[in-house]
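The block underneath contains the structure these notes are about, expressed in structure tokens.
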Amino acid sequence: MLAQWQHRGALPLHCPVLSSGSATRAASPHRTGFAALSLPFSRAVVPPCSAPCAAPPPRPPGCTKSFGGTMMQNECSRPCCVALPFRRHPFILYPYITNDGSQEAVWREKREIMTNRSLPPSIGAAVVRSTRNRKRPHMGAGSGSDVAAAAAAGAVGAAVAAVYAGTLPPGLPGGDAGELITAAYELGVAHPPGYPLFTLLAGLAMRLLPSGAAAGRVNLLCAVLGAAAAALLFYTVLRLSGSYAGGILAAGVFSFSRLTWQWSITAEVFSLNNLFVGLLMALTVHFEEASTAKERSKIAKLGAFCCGLSLCNQQTIVLYIACIVPWVLFLLFRKTELSLGHLLKLGLCFLAGLLPYLYLPASSYLNRARWTWGDQTTFQGFLTHFLREEYGTFNLAKSETGSSTRDMLVFQLEQMRSELSLPVLALALMACFSTALPIKQQKSPVICLFAGMLCVYSLFFAWRANLDVTKPLFLGVVERFWMQSNVAVAVLAGLGLAALMSLGGAVLQGSRVLPWLEWLSAGTLVAAQVWANFSDCDQSNNYIVDKFARNLLSSMPMGAVILLRGDLPGNALRYLHYVEGVRPDITLVDQEMMTYGWYLPKLAKHLPGVHFPGNRWNPVEGILPDGTLTFNLHHFLKANKNKEVFVCIGLHEGDSTWRRSYSLWPWGTCEKLVPSDAVFDPGEWIRLTRNLYNWTEEYGSFKPSSWEAVANEEMWQARMKTAFFIFGLAETASVPAEMKAQLYTLAYTSYKEIVSSHPHHPVNWHKNYAIACERMLRLHGVGEDPEALLSETVKHFLLYTQKAEDDPQRQDILQAVNHLQKELQGLREMKAELKWQAG
């Protein structure tokens with residue numbers, strides 16, 4: 001036994017006899033009654049208790065010892081003997097009374113407890129005492145405190161999940177949800193980088209969950225993942241600070257911010273990414289607290305696996321990984337635990353986490369999915385998809401000019417302020433400042449690491465996010481990626497609250513108000529988040545995107561071919577068509593995908609009845625150097641002349657060959673490609689398109705950056721498209737005068753009917769209707785009162801200029817209005833004079 005103790009580098013000492021070697025009692029006793037001992041050698045003893053231990057060393061009854069760590073707990077309420085590994089610098093023992101009445105002794109190095117020079121000595125010592133007085137759970141393996149912390153984290157996650165479940169959208173959300181669900185349902189590949197882990201999880205959710213629409217089941221999966229992320233944030237803060245209130249603050253303000261709440265209850269990859277961010281943070285804290293080399297090695301391997309697995313979802317997390325991995329390797333190197341073999345094992349664990357990417361070539365090889373993206377059967381095809389080359393590696397979008405880095409950071413900071421509130425940002429800064437204070441309850445290196453992760457991610461993303469965030473829709477796309485930085489801010493805020501309470505305890509020693517104030521602060525901030533965002537994030541009755549897609553499909557004739565363009569119609573129609581089986585007679589062809597070399601070779605067999613005169617759509621026909629036969633839209637339409645072809649929404653600008661023999665006629669939000677020799681009957685077309693859709697949503701009732709707002713806008717503008725098209729025909733110079741008058745009259749009548757039926761409508765309707773009224777003034781014998789037409793023109797031009805202040809033609813319109821008002825005044829005076837003369 002003695003050899004075992006000597007092998008650990010420590011000499012056993014048992015109470016009450018002191019072994020040979022000097023031990024100097026400190027000048028003043030500790031507050032709890034025990035004396036602090038300054039031990040210059042490898043041996044340490046606490047002062048002898050009144051009665052000797054019941055049994056000889058190495059483990060007296062009722063005593064537990066951790067020889068590799070910093071804490072020793074005495075369950076029998078008496079100090080016991082302890083041996084420490086050999087160290088060349090002295091230790092100080094600080095016993096104290098915990099909240100449950102037990103006594104604990106914490107060993108700290110002298111250099112770790114020196115009062116910070118920036119504070120007066122009395123305050124610095126008080127901060128140390130205040131820190132010790134807070135009960136910080138000892139997270140040893142299998143300890144009761146560890147189980148209690150895990151149970152509390154589970155309770156927090158369950159509470160968040162309950163709130164999320166009550167606000168879930170029952171149907172299809174906007175964005176990429178339709179495509180992600182379709183890829184999972186068909187066991188295909190989603191857009192780059194493929195998201196194999198989310199695809200597999202969503203596929204399992206659709207097959208295992210008992211009821212509800214497929215979209216609703218994946219929404220529920222994402223809500224559970226988001227709640228698990230909240231639990232991990234709580235656990236991280238609790239382990240770092242010992243503050244339950246701080247953990248609840250971090251989990252609550254993040255989970256119930258509008259952005260997180262909105263994207264955690266929809267079928268998107270962001271809640272899974274939030275889960276991995278929280279998991280990596282928790283593992284980082286666990287690694288920092290590990291007391292043995294074996295435990296650190298175990299956590300490092302698990303962390304390496306989780307790093308690889310997290311990259312199977314959203315790749316922006318690589319910026320956090322790039323901060324955590326060097327930090328972990330440095331700590332292992334400093335402790336002389338980083339060997340070549342260990343490094344190799346960590347690398348293998350990381351590669352094991354990347355195994356879900358094998359799903360991509362497997363799915364592509366089987367080629368059974370009616371919807372998939374890319375060809376990953378070759379290494380080059382896999383690399384193209386993995387690196388997002390079709391979007392632009394390290395860019396959000398391809399061929400887009402975005403806001404500057406400075407503007408992006410300003411928008412992000414403003415978004416943080418609105419999403420998390422100023423008090424939360426102030427608490428996050430407090431956590432950063434607390435690293436300069438002698439508050440050993442928190443781990444300063446970990447706080448610095450989290451703050452560094454936040455800075456690295458924010459700067460890099462602002463540099464590479466090439467979208468113009470001044471446009472609401474693009475802002476909605478970009479802000480989703482700011483959730484990853486909000487995670488770090490929320491954790492720092494929770495730590496800041498704990499640090500603030502510890503500092504307050506130094507000033508107000510023994511105050512019973514501080515714990516209540518801590519809980520009150522956390523509860524108030526979380527409740528404010530829920531109160532402010534519940535109405536916006538309650539999607540339990542949100543069927544907007546689902547209704548949009550169903551209206552589009554129901555308006556199509558039997559056997560129609562739809563050339564899709566854009567995320568909203570493309571993803572929504574694909575989900576309803578492939579997953580829910582709506583309108584199986586219709587064929588969906590993606591315009592953007594037809595320009596890729598892999599699309600038709602892989603998916604043409606799943607598009608029955610549609611003929612492709614080549615292997616790839618290209619405005620310039622011919623044979624490419626790799627032997628690919630290309631075709632343009634003109635030849636595609638000729639090959640499918642027996643099909644009714646519609647475009648939704650709009651045609652690709654790069655190919656105008658269709659104009660040779662086809663025209664576009666409005667069909668709701670879509671257009672129909674009609675042979676140029678077809679005769680257009682404006683009255684009949686107004687009758688056909690007047691009631692295409694059953695749309696009852698109010699205009700402007702959704703946040704401008706949301707997909708629901710885009711769908712609503714498209715449906716409202718569809719009401720005016722036929723009148724706008726007829727008015728455009730009347731404006732062409734080749735139309736005879738008689739036909740021109742007929743077209744103007746039909747357009748005016750249609751505009752008037754639509755505007756009068758919907759008092760609250762899009763702003764551009766005022767301008768269009770005013771111009772139609774002005775054109776009617778130029779016609780003679782149309783049966784309309786000139787004064788009424790002039791009055792309507794002035795009225796709606798003025799309404800337009802009031803609501804569209806950013807229109808570059810605003811000043812010209814106002815000048816025209818001044819002229820029209822003079823004419824209206826003159827007309828009224830002339831009518832009054834004629835009436836007076838007639839009387």
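Only the coordinates and a few stated rules stand behind these numbers; no lab work does. Given the structure is predicted, the values throughout are model-derived calculations rather than measurements. Neighbour counts run over all protein chains shown; Cβ positions are idealised from the backbone, glycine included.
Among the lysines, which fall within straight-line cross-link reach of Lys398, defined as a Cα-Cα distance under 28 Å, with same-chain neighbours fewer than 8 residues apart omitted?
Counting by Cα, and skipping residues close in sequence, Lys398 has these lysines nearby: Lys471, Lys602, Lys703.
According to the Kirkwood expression over distinct Cα-Cα pairs, how big is the hydrodynamic radius of region 543-678, in Å?
15.4
Please give the FRET efficiency for Leu387 paired with Leu814, using the beta carbon to beta carbon distance and R0 = 60 Å, rounded to the nearest 0.05.
Efficiency, rounded to the nearest 0.05: 0.70.
Taking the alpha-carbon centroid of each part, what is the distance from region 565-618 to region 531-556 in angstrom?
Using only Cα atoms to place each centre, the spacing works out to 24 Å.
Arrange Met739, Met720, Met453 by Cβ neighbour counts within 10 Å, fewest through most, would you?
Met739, Met720, Met453
Just going by the charge dipole of region 366-453, with Lys and Arg at +1 and Asp and Glu at -1 on Cβ, which of Phe394, Gly452, Gly374 is farthest out on the positive end?
Looking along the dipole axis, the top candidate is Gly452.
What ³J(HN,Hα) values, in whole Hz, does the Karplus curve 6.51 cos²θ - 1.76 cosθ + 1.60 give for region 325-342 when θ = phi - 60°, with x put for Gly and Pro?
For region 325-342, the Karplus-derived couplings read 4, x, 5, 5, 5, 5, 5, 5, 5, 5, 8, 6, 10, 9, 9, 5, x, 5 Hz, x marking Gly and Pro.
Ser701 to Leu302: extension gain in nm, 0.36 nm per residue of separation minus the Cα-Cα distance? Please list the in-between numbers first.
Working: separation 399, 0.36 × 399 = 143.64 nm, distance 4.69 nm.
Full extension of this stretch gives 139.0 nm more.
Would you grab the residues whose amide H sits under 5 Å from the one on Ser403? Only those 5+ places off in sequence or on another chain, please, with H modelled 1.01 Å from N.
Leu467, Asp468, Val469
I'd like the distance between the alpha-carbon centres of region 689-760 and region 496-530, rounded to an integer number of Å.
First find each Cα centre; the distance between them is then 58 Å.
Just flag the trypsin sites (Lys or Arg not before Pro) in region 626-687 sitting in loop per DSSP whose Cβ has no more than 13 other Cβ atoms within 10 Å.
Sites meeting the loop and neighbour criteria: Lys641.
Would you be so kind as to identify which of Ala572, Val561, Leu517 lies farthest towards the positive end of the dipole of region 464-598, taking Lys and Arg as +1 and Asp and Glu as -1 on Cβ and the Cα centre as origin?
Leu517
Amide H of Ser663: which non-local residues (sequence gap of 5 or more, or other chain) have their own amide H closer than 5 Å, using H built in the peptide plane?
Excluding prolines and chain starts, which carry no amide H, the hits are Val674, Ser676.
Name the GluC sites (Glu not before Pro) in region 619-654 that are in a loop by DSSP and that have at most 15 other C-beta atoms within 10 Å, would you?
Sparse-neighbourhood loop GluC sites (Glu not before Pro): Glu621, Glu653.
So what J values fall out for region 345-356 if you push phi through Karplus, 6.51 cos²θ - 1.76 cosθ + 1.60 with θ = phi - 60°, rounded to Hz, Gly and Pro as x?
Computed from phi, the couplings for region 345-356 are 5, 4, x, 5, 5, 4, 5, 4, x, 8, 4, x Hz.
Once you have a ≥ b ≥ c as the square roots of the Cα gyration tensor eigenvalues for region 652-718, tell me rounded if a/c is under 1.5, and otherwise prolate or oblate according to whether a/b is larger than b/c. Before the final figure, lay out each step's value.
Values: a/c = 4.84, a/b = 1.59, b/c = 3.05.
Verdict is oblate for region 652-718.
Quick one: 3J(HN,Hα) in Hz for region 519-536, Karplus 6.51/-1.76/1.60 with θ = phi - 60°, rounded, Gly and Pro as x.
The phi angles translate into 5, 5, 5, 4, x, 5, 5, 5, 5, 5, 4, 4, 5, 6, 10, 4, 5, 6 Hz.
For region 473-565, which trypsin sites (Lys or Arg not before Pro) pass both filters: DSSP loop (anything but H, G, I, E, B) and at most 14 other C-beta atoms within 10 Å?
Arg512
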